[in-house]
Amino acid sequence: VGACRWRCRRLAMVAHDEDSEDLPVRPELVRQLSTFAEEIEHENLLDAIEGDKAQEGDNEAAGKRRSCGLPAFVHSREAETNFANILQRMIERTLRPEAPKTSLEKLAARIRIFEDHTFKFKLGTEGSATFSECRSTQFRRLRAAAGIAEEEYMKSLCSQPFKGHSGQGGKSGALFLKSQDDRYILKTIEEHEFICLKDILPNYLLYLEENRSSLLSRFYGAYALTIGRVTLRVVVMNNCLRGEQCQIYDLKGTTEDRWVDPSLHAVLKDNNFSPHVMLFDAAKVQQFRAAIQDDAEFLESCGLMDYSLLVGVASEPPVGDGDGAAARSEPGLAVHHGWLRTGDGSPEPRFFQFGIIDYLQRWTPKKVAAHWMKKFTIGCINEIDTEPPHVYCARFYKYFTTKILPAAA
């Protein structure tokens with residue numbers, strides 16, 4: 001058995017090589033890409049200027065030039081629209097691969113566990129760019145495990161333009177896009193998160209195939225667009241909160257920087273949620289606690305921390321969520337009826353949706369340094385975010401045993 005596993009690993013390592021091919025691109029898309037490339041080159045020049053300033057001690061502007069690998073100009077409306085259109089057309093191309101023609105190609109398709117596809121295309125007479133679909137076989141299995149047909153997935157992502165934009169998403173500065181039917185969210189992520197996702201993907205796939213009741217937000221695709229020296233990394237996730245929400249909470253079980261001014265109408269955090277508890281039937285409480293414990297222990301086994309539970313609270317059942325019952329049948333998208341109690345007040349009926357998000361953070365030397373810097377300063381009065389995976393896991397689960405209670409309690 002050990003020898004067989006070793007051979008499988010060797011096959012996987014060999015299969016890691018990328019496939020490359022020239023990609024024909026429509027003229028209007030070439031123009032968009034060329035404009036995008038020119039703006040990136042201009043941004044690179046500004047980065048160099050800001051880098052010189054940073055060496056002279058003025059690094060505030062330089063620190064703001066990039067976030068999640070995105071040049072600052074990408075957060076302009078026009079650039080976002082161009083980027084979204086480029087991304088959509090490239091994803092459409094990767095979702096329509098040509099069938100293997102020879103028996104050798106068919107064999108390769110079966111054993112390419114870590115299959116990456118990179119498509120190259122020209123920009124004008126000299127420039128070029130690449131678009132990579134990462135780990136295509138494994139993400140296909142993740143979509144199949146969620147009951148998502150490939151045609152259905154492509155229709156959601158590619159039949160209509162992405163809607164809305166959220167500009168700078170939270171502290172990360174990530175760019176968010178959403179499919180027209182609200183089923184999928186596309187988000188730019190940093191390189192270390194992209195690498196982390198690819199590293200945990202084999203275990204992540206097996207875990208979600210066996211645990212359909214998991215509260216982990218699902219990743220259904222990962223893509224990288226490289227123009228010049230800039231690589232923009234994008235993941236496709238399920239939208240775990242659909243329909244209108246009265247309020248959304250991002251809960252970690254910590255108190256460090258976990259208050260948001262409610263007048264901003266933004267996502268609230270732990271200190272905002274402190275007077276509240278969620279009440280459910282006893283069987284559902286046991287189900288939620290078991291799912292949270294299993295998910296947290298899985299993330300701990302992967303060496304991950306700093307994740308949170310996104311909680312959507314609504315006074316009415318969500319409606320208008322794309323394909324309705326078909327969409328809600330996907331794992332992790334259930335709407336749960338319960339009650340929200342504030343302090344000693346009477347419980348009020350509410351509808352809840354859950355999803356564990358932002359779990360691609362490893363316990364790195366940088367995190368270790370931040371832990372010890374905080375531990376004996378703000379850690380004296382606050383529960384800090386930056387804890388080792390085993391501590392973070394235990395605290396995360398313990399927090400929700402105090403926030404998810406039987407209705408009779």
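The values are calculated or read from the model by the stated rules, or taken from the named source; none is laboratory data. Quick caveat: nothing in here was measured; it's all calculated off a predicted structure. Virtual Cβ from ideal backbone geometry, glycine too; neighbours counted across all protein chains shown. Calculation scope for accessible area: heavy atoms of the full protein, side chains included, ligands and nucleic acids excluded. Shrake-Rupley method; radii C 1.70, N 1.55, O 1.52, S 1.80 Å.
Quick look at the numbers
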| item | result |
| --- | --- |
| Residue-level accessible surface for C246, protein heavy atoms, 1.4 Å, Å² | 80 |
| Accessible surface ranking that places the most exposed of K366, K375, K120 first, with a 1.4 angstrom probe | K366, K120, K375 |
| Solvent exposure, largest accessible area first (probe 1.4 Å, DNA, RNA and ligands not counted), of Y399, Y223 | Y399, Y223 |
| Within the stretch 220-249: backbone nitrogen closer than 18 Å to the K163 label point (7 Å, Cα to C-beta) | 237-246 |
| Accessible-area ranking of M154, M373, M90, largest first, probe 1.4 Å | M373, M154, M90 |
| FRET efficiency for K122 and A266, using Cβ-Cβ distance with R0 set to 45 Å, rounded to 0.05 | 0.60 |
| Projected label distance in nm at E383 and E256, using a 7 Å step from Cα toward the beta-carbon | 1.3 |
| Evaluated over the stretch 276-397, the Cα radius of gyration and Dmax, each in Å | 17.4, 51 |
| Normalised contact order of the stretch 225-326, rounded percent, pairs of Cα under 8 Å and 6 or more residues apart | 39 |
